Structure formats: C-alpha cells, structure tokens
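The block underneath contains the structure these notes are about, expressed in structure tokens.
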Amino acid sequence: MLPYQQAREKVIEVVTARLALRPALATEEAELSAALGRVLAVEVRADRDYPPFNRSTRDGFAVRAADLAKLPATLEVVGEIKAGDAFTGQVRPGQCVQIMTGAAVPPGTDSVVMIEHAKPSGTRVGFERPVERGQNVVPRGSEAKTGQLLLSPGALLGYPEVSALAQVGQGVVRVYRKPRVAILSTGDEVVDVGAQPGPFQIRNSNSLTLAAQTTLAGAEPVVLGNAPDRVDEIRARIERGLAEDILVLSGGVSAGKYDYVGTVLRELGAEFVFDAVAIRPGRPAVFGVCRDNFVFGLPGNPVSTMVTFELFVLPAIEMLRGALPRPLTVFKAKLAEPVRQKTALTHFLPAEITWPGGEPTVRELPWQGSGDIVALLRANCFLVVSPEHLEISAGDWVDVLPRRGAF
C-alpha cells in the first residue's frame, strides 16, 4: 500500500506524462458572464495603461504640494471635476480644483487634499495641514502598463480575474473545455434514489455525491447509474464510461467474491498504478489507465468515496481542465479532545473546526465508520491522524483538511 501523499503524486505524475503525449487540450470561447471557475487558455494583456490617468483616491481638492509648503495657506478654487469628466481649464500657482474620488487629477496639480482637511469658503479654500507630492493620487500606469501580461494560460478565473478581464474589454474569453467525468456505481444492494429500497438495500447516493464533487471541481459529470454485480453489465457500463476523459467507479474494487470491477478492467487492458492506499477510510482505492483514459476505482462506502475523490481524482481533473494541481489545503489547529487510533494508517476523521478566542480548535465528531453520511452533515473538515502519531493529546496541534465548500 502506498502512503496517500505518494499515491497522489503518482496520479499527478501519470496524468502529466500522458497529457504530454496528447494533442493540446481542447479550448472553447465562453461569455465572461459565464466564465467564473473556468481555466484561461490564452494570455491576457493590458489594452492601455491602468489607471489611464492620474486618479484621485479621495474627495477633496487637487493642489500643487508646493503651494502648501507654508501654512496656513489659502488657494483659489477655479473649477470642479468628477469621475468621468475632463478638466479643460488651467491651474496656476495659488489655485486648486475641487475633485471627486476616481476623477482625473488636472494638469498643473500633483496632489489631492481630503475634503475633511480643507476649509472651503466661497471661491477660496483654506489649508492647515501639509501635503506630500503625489498624496491621494494613483499615478497613470502604476497598476499596469499597456501590453503588460495580466493573466497567463492556466489561470483559474475567480472574481478578481473576471474583474480584470472586464476591465480590459474581454467580454468573451477562450478557456479550456471542461473535462467529462463518467460516474458509475456498482452493487446489487444499490437502488435508484427515487426507488423504495428493500430491507437490505441502499439508495444510490454515491453517484450524486460524485457528480456534485465533479461539478465543484469544474468538470462535467456524466452519470451512468448503477451496474449490478454481473460481469456483462459492469463491462458494458465501463465501456461507455471509457468514452469520457475520466471514469470514476464506486464499489466493487475490493477483493470480495462479487467485486468484479478490477477483473473487467484488466480484461479491457487497464494498467494499474496502485490498488490500495494506506488510509482510512478509503484503503481499497484504485488508479490506472485504460485505453489512454484515466480510471479511478473508489470504495463503495460513501465517506470513503468522498475522501478518495478529494485526494486522488481532484488533481487529475484540475490538470485535464488546463490548470496545475493545487496542493491539499491542510492547515494546523489545536485538538480539543484526545484522539486515539489503532491501525497504522493515515486517518481522515470527520471533525468540526471552530475559532474560540480566535484560535483554530478542532474536535473529532462521533461517527460510525465510512458509511456514516449523517456525521458529515455536522463536519466542516477532516482531522488528519498520521500513522506515526496515532495517539494525540488535547492541546496538541494537528493537521486539518477542510471539507470543500464548508468555509
């Protein structure tokens, strides 16, 4: 069994190598209004200086700093300018212009005095505080110069990136195509969500959970339903799933009598990179390549499925959508109550992190193992227990993996 960090690195290594042998990832155009969360496929450069003029950051008066060298000082107000207007007059020594936030600082002035620090009276205004040259002014081109690179291919479009694209007039942007992820669950005990389960059956939550995680990851889920424990049915659904970029299966990957997924994949020519990971929940996780497509076999228990998707499937999706795989966002928190585990694996325990007094504090939540979906309703993170430190005392600092979307 591989440690989970090494298994994750194997996924990244294999996907990177395979993508290097393929044609460039497909791209498409997207309206900027619908581009949030997509990955940019082209360079974006500034179409002009930003700001395109010396911009006032305050309401007040545009002045020459030299005119306020001796205080108190009184200047003549020769005009007014608001954002979007142009000042066509001339500002001579001893004069100033009333100005609004965002307006262009008139030629002949070099600073802005806040309205709170001025004493206007008719056409004149008094000043009792000194001002430095350039104060409350953003110089032209200080944010970006014409032609300056703002965004590179592979940039994830969050709201600041959308704002920058809008600023430079990119109403339509070229982005990488969303990868398509086929999702297939298996097992005779699994019935459709809308069905009435028998006394020993369960509804198919895994397909919808994986579809939700896939959507959060920026990919397009293709839900193939559930295959019963019959080789012909499993083979037919897997064949369909291999038409997509990634195939994710849940259930049937262990070594049980009716776990046929591995057998079918081998018959179809799959090459397995790993077939077990030293974690709980999620130990019987599988990753391989079949017909040049990436295949993940995840355990059938829901919490195991969720955890292994985040650890191993997510970086593959990120690379297939044109981005770099982001590191796991593990951070430290203080343990509220002692934790003890027996098995020498890395444990991902449903937990809740709070900030009493501003200090991150984490507490393991009661749960009944990897089938306990209800426990995750209360959890906003996973407490990570390493195999080297299975007994942890209250007050110790521990690793925490946030549940995606919980913060």
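At a threshold of 8 angstrom on Cα-Cα distance, excluding pairs fewer than six apart, so keeping six or more, what relative contact order does region 331-402 reach in percent?
Taking the mean separation of contacting Cα pairs over the length of region 331-402, I get 47 percent.
Looking only at P130, P302, P221, which one moves most when the chain is put into a Gaussian network model with springs between Cα atoms under 10 Å?
So, out of P130, P302, P221, the one fluctuating most is P130.
Under a plain spin-label model, where a point goes 7 Å from the Cα along Cα-to-Cβ, how far apart in nm are L208 and E220?
It is 2.3 nm.
What number, in percent, do you get for the relative contact order of the chain if the mean sequence gap of Cα pairs under 8 Å and at least 6 apart is divided by its residue count?
16 percent.
Which of C381, C290, C96 moves the most in a Gaussian network model of the chain with Cα springs under 10 Å?
The residue with the greatest mean-square fluctuation here is C96.
Cut-off under 13 Å on the C-alpha distance; same-chain residues fewer than 8 positions from K119 excluded. Which aspartates and glutamates are left, in chain and number order?
Within the straight-line cut-off, K119 pairs with E76, E128.
Rounded, prolate or oblate: which one fits region 331-402, using the alpha carbon gyration tensor with axes a ≥ b ≥ c (rounded when a/c is under 1.5, else prolate when a/b beats b/c, else oblate)? Mind dumping the intermediate values first?
Values: a/c = 1.91, a/b = 1.10, b/c = 1.74.
It comes out oblate by the Cα gyration axes.
Rounded, prolate or oblate, given the Cα gyration tensor of region 141-280, with a/c below 1.5 counting as rounded?
prolate
Fewest first, what order do E364, E337 take by the number of other Cβ atoms within 10 Å?
By the 10 Å Cβ count, ascending, the order reads E337, E364.
Quick check on region 55-138: of the DSSP beta bridges with both residues there, what percent are antiparallel, nearest 5%?
80
Give me T186, T209, T88 ranked fewest to most by other Cβ atoms within 10 Å of their Cβ, as a rough exposure proxy. Working shown, then result.
Details: T186 28, T209 20, T88 8.
Taking fewest neighbouring Cβ atoms as first place, the list is T88, T209, T186.
Which peptide among 273-281, 25-33 comes first, and what is the full order, when sorted by highest mean count of other Cβ atoms within 10 Å? Kindly include the intermediate steps, with their values, before the conclusion.
Details: 273-281: 19.9, 25-33: 13.7.
Descending packing order for the listed peptides: 273-281, 25-33.
Which of rounded, prolate, oblate describes the chain, given a ≥ b ≥ c as roots of the alpha-carbon gyration tensor eigenvalues and a/c under 1.5 marking rounded, otherwise prolate only if a/b is larger than b/c? It would help to have the intermediate numbers written out before the result.
Details: a/c = 3.42, a/b = 2.18, b/c = 1.56.
Note, shape of the chain comes out prolate.
Taking the DSSP beta bridges in the chain as the whole, what percent of them are antiparallel, to the nearest 5?
Just about 65 percent of them are antiparallel.
By how many nm would the segment from V193 to E29 grow when fully extended, if each residue of separation counts as 0.36 nm and the alpha-carbon distance is taken off?
That pair, V193 and E29, stretches by 55.5 nm at full extension.
Can you give me the C-alpha center-to-center distance between region 338-407 and region 288-302, rounded to a whole angstrom?
Here the answer is 27 Å between Cα centres.
Mind giving me the FRET efficiency for Q148 and M100? R0 is 22 Å, r the Cβ-Cβ distance, nearest 0.05 is fine.
Details: r = 28 Å, r/R0 = 1.26.
E between Q148 and M100, to the nearest 0.05, is 0.20.
Between V374 and Q201, what is the FRET efficiency for a Förster distance of 30 Å, r being their Cβ-Cβ separation, to the nearest 0.05? Provide the component values of the computation, followed by the final result.
Details: r = 18 Å, r/R0 = 0.61.
Step by step, r from the Cβ atoms, then E = 0.95.
Please give the helix 4-21 orientation as an angle from the longest Cα principal axis of the chain, in degrees from 0 to 90, rounded to the nearest 10.
Taking the Cα atoms of the chain, the angle to 4-21 is about 80 degrees.
Stretch E233-Q6 to full length: gain in nm at 0.36 nm per residue minus the Cα-Cα span?
Full-extension gain reported as 78.4 nm.
Assuming 0.36 nm per residue, please report the length gained on full extension of the stretch R48 to H117 beyond their Cα-Cα distance.
Working it through step by step, the gained length comes to 21.5 nm.
Would you mind pulling out the separation of the Cα centroids of region 170-189 and region 310-327, in Å?
12
If the elastic network links every pair of Cα atoms under 10 Å, which of E318, E116, E388 fluctuates the most in the Gaussian network model of the chain?
In the Gaussian network model the winner is E116.
Using only DSSP helix segments of four residues or longer, with each worth -39500 (n - 2.57), what per-residue ellipticity at 222 nm results for the chain after dividing by its residue count and rounding to 500? Don't skip to the end; give the middle numbers.
Details: 8 runs with 77 residues, N = 407.
Helix contribution divided over all residues of the chain: -5500 deg cm²/dmol.
Using per-residue counts of other Cβ atoms within 10 Å, averaged over each peptide, order 346-352, 391-397 from highest down.
Highest-to-lowest ranking by the protection proxy: 346-352, 391-397.
Assuming R0 = 41 Å, can you tell me the calculated FRET efficiency for the pair T263 and T329, based on Cβ-Cβ distance, to the nearest 0.05? Present the calculation step by step, with values, prior to reporting the outcome.
Details: r = 37 Å, r/R0 = 0.89.
For R0 = 41 Å, the calculated efficiency reads 0.65.
Once phi is turned into θ = phi - 60°, what whole-Hz ³J(HN,Hα) does the Karplus curve with 6.51, -1.76 and 1.60 give for every residue of region 161-173, x standing for Gly and Pro?
With the stated coefficients, region 161-173 comes to 5, 4, 4, 5, 5, 5, 4, 8, x, 8, x, 10, 10 Hz.
Taking amide H positions as placed 1.01 Å from N in the peptide plane, with prolines and chain starts having none, which residues 5 or more places from G251, or on another chain, fall under 5 Å of its amide H?
L298, G300
Could you state the angle between the C-alpha long axis of helix 231-241 and the longest principal axis of the C-alpha atoms of the chain, as a value from 0 to 90 degrees rounded to the nearest 10?
Helix 231-241 and the main axis of the chain meet at about 20 degrees.
Which order results if L401, L314 are arranged by neighbouring Cβ count within 10 Å, fewest first?
Details: L401 18, L314 22.
Going from least to most buried by this count: L401, L314.
What relative contact order, as a whole-number percentage, does region 76-233 give when Cα pairs under 8 Å and 6 or more residues apart are counted?
15
If I model a spin label at A69 and S393 as a point 7 Å from the Cα along the Cα→Cβ vector, what separation in nanometres do I get?
6.8
Taken together, the values in this text are just the output of simple stated rules run on the coordinates, not laboratory data. Fair warning: this is a prediction, and the values are worked out from it, not measured in the lab. Virtual Cβ from ideal backbone geometry, glycine too; neighbours counted across all protein chains shown.
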